[in-house]
Amino acid sequence: MSSVLVIDDEEGITDVIQEALSLYGYDVQTACDGNEGIQKFKDQLFDLVITDIMMPNADGNSVVRYIRDSDRRMTPIIGMSGTPLLLNDLDFDKVLFKPFPLQSLINTVRTFPPVADFGKVRLRACA
């Protein structure tokens, strides 16, 4: 089962995404802002992070910078934004512009293999 961290300051959005991804077998944790998201990322291993851009405290760009500077910099990150001008999309693996259909999110999430699969790919490539 893949684990996903969803970070958004709008509880309704995190609830809908959590429920939708859970129906597809994902283990979903949520955070209400960038600071909480960064702390959860430090404490747990996630296969994927989905983050809003505009949030109080640490915004989504701060979250992506933290992850890209960490020892788990290869963790895929999907950015969500209703204000695309505020994101640095070069650091995100994918970007979804709000509002988006849930099926688009599901399809995007499915393109990323679990972290465990990344290790297997690397081992095969080095062998």
* Treat each spin label as a single point 7 Å out from the Cα along the C-beta direction, and report the residue 110 to residue 83 distance in nm. => 3.3 nm
* Asked: Out of the stretch 1-61, which chymotrypsin sites (Phe, Trp or Tyr not before Pro) are coil in DSSP terms and have no more than 13 other C-beta atoms within 10 Å?
  -> 24
* Calculate the spin-label point distance for residue 90 paired with residue 45, positioning each point 7 Å from the Cα along the beta-carbon direction, and give it in nanometres. => 3.1 nm
* With all protein chains present and a 1.4 Å probe, how do 11, 36 order by accessible area, largest first? -> 11, 36
* Asked: In bins 10 Å wide, starting from 0, what share of all Cα pairs of the chain does each bin hold, as a percent?
  -> 13, 48, 32, 6, 1
* Structure fact -> Under the helix-only model (-39500 (n - 2.57) for each DSSP H run of 4 or more, divided by the residues of the chain), the mean residue ellipticity at 222 nm, to 500 deg cm²/dmol, is -12000 deg cm²/dmol
* Say a paramagnetic label sat at a point 7 Å from the Cα of residue 16, along Cα to Cβ; which residues of the stretch 42-62 have their backbone N under 17 Å from it? -> 50-54
* Could you state the angle between the C-alpha long axis of helix 115-126 and the longest principal axis of the C-alpha atoms of the chain, as a value from 0 to 90 degrees rounded to the nearest 10? => 40 degrees
* **Point-to-point label distance, residue 24-residue 97, nm (Cα→Cβ direction, 7 Å offset)** => 2.1 nm
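The values are calculated or read from the model by the stated rules, or taken from the named source; none is laboratory data. On a predicted model such as this, the values are computed, not experimentally measured, just so you know. Note that each Cβ is placed from the backbone with ideal geometry, even for glycine, and that neighbours are counted across all protein chains shown. Quick note on the areas: whole protein, heavy atoms, side chains included, nothing else; ligands and nucleic acids left out. Shrake-Rupley method; radii C 1.70, N 1.55, O 1.52, S 1.80 Å.
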